[in-house]
Amino acid sequence: GAADPEEAAVRALLGREDAAELVERYGKALDAPCGTLTHLFPEPAVLSGAEPAGPLGALAAALADGAVRLDPGADRDEAHRALLALPGLDTVTVAVIRTRALGDPDVAPPGVAASDSWRPWRSYAVRHLLTAGELDIR
């Protein structure tokens, strides 16, 4: 799971460096910085207004208006379908969002040979293999 599921979704879509640039451009500055933490991640409504075009705009708008819910009570299958309906989100990105933002422990990205014997922990097994350098999904 993630402390901020919307942030996790944006990071899954854009990657770490591009997400960091969004924080610099649109994040709210903290009144009292804490070490290197100086800004909050931008809210989806801010991102949808600032970056309305492309996959980021579609994702941010869907998060802002509730068309896609990633909160702890969200239905994982419903969120999966809603994310796939957005332009520019592929099945791998949606699998990453489902794993990280929704905390689903049993997701195997498309094209990954994840054994049924790994159920219900396929997300963890895939993450382990990625970290060990034994798997590449992009």
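The values are calculated or read from the model by the stated rules, or taken from the named source; none is laboratory data. These figures come from a predicted structure and were not determined experimentally. Note that each Cβ is placed from the backbone with ideal geometry, even for glycine, and that neighbours are counted across all protein chains shown. Calculation scope for accessible area: heavy atoms of the full protein, side chains included, ligands and nucleic acids excluded. Shrake-Rupley method; radii C 1.70, N 1.55, O 1.52, S 1.80 Å.
Subtracting the Cα-Cα distance of L135 and A113 from 0.36 nm times their residue separation leaves 6.9 nm of extension gain. Overall, the chain carries a charge dipole of about 260 debye about its Cα centre when +1 sits on the Cβ of Lys and Arg and -1 on the Cβ of Asp and Glu, all other atoms neutral. From the alpha carbon centroid of the range 58-110 to that of the range 9-43 is 20 Å.
Annotation for E78 and E17: the two label points, set 7 Å from Cα along the Cα-Cβ direction, are 3.8 nm apart.
Binning the alpha carbon pair distances of the range 1-45 at 5 angstrom intervals from zero yields the distribution 5, 22, 29, 28, 13, 3, expressed in whole percent. The solvent-accessible area of E134, taken with every protein chain present and a 1.4 Å probe, is close to 140 Å². Computed with a 1.4 Å probe on the full set of protein chains, the accessible area for T36 sits at about 140 Å².
Please give me, ordered by residue number, the trypsin sites (Lys or Arg not before Pro) of the range 11-68 that lie in loop per DSSP and have at most 16 other Cβ atoms within 10 Å.
Sites meeting the loop and neighbour criteria: K28.
The distance between label points at D71 and A3 comes to 2.0 nm (points 7 Å beyond Cα on the Cα→Cβ vector).
Here the Kirkwood formula, the inverse mean of 1/r across different C-alpha pairs, assigns the chain a hydrodynamic radius of 15.7 Å.
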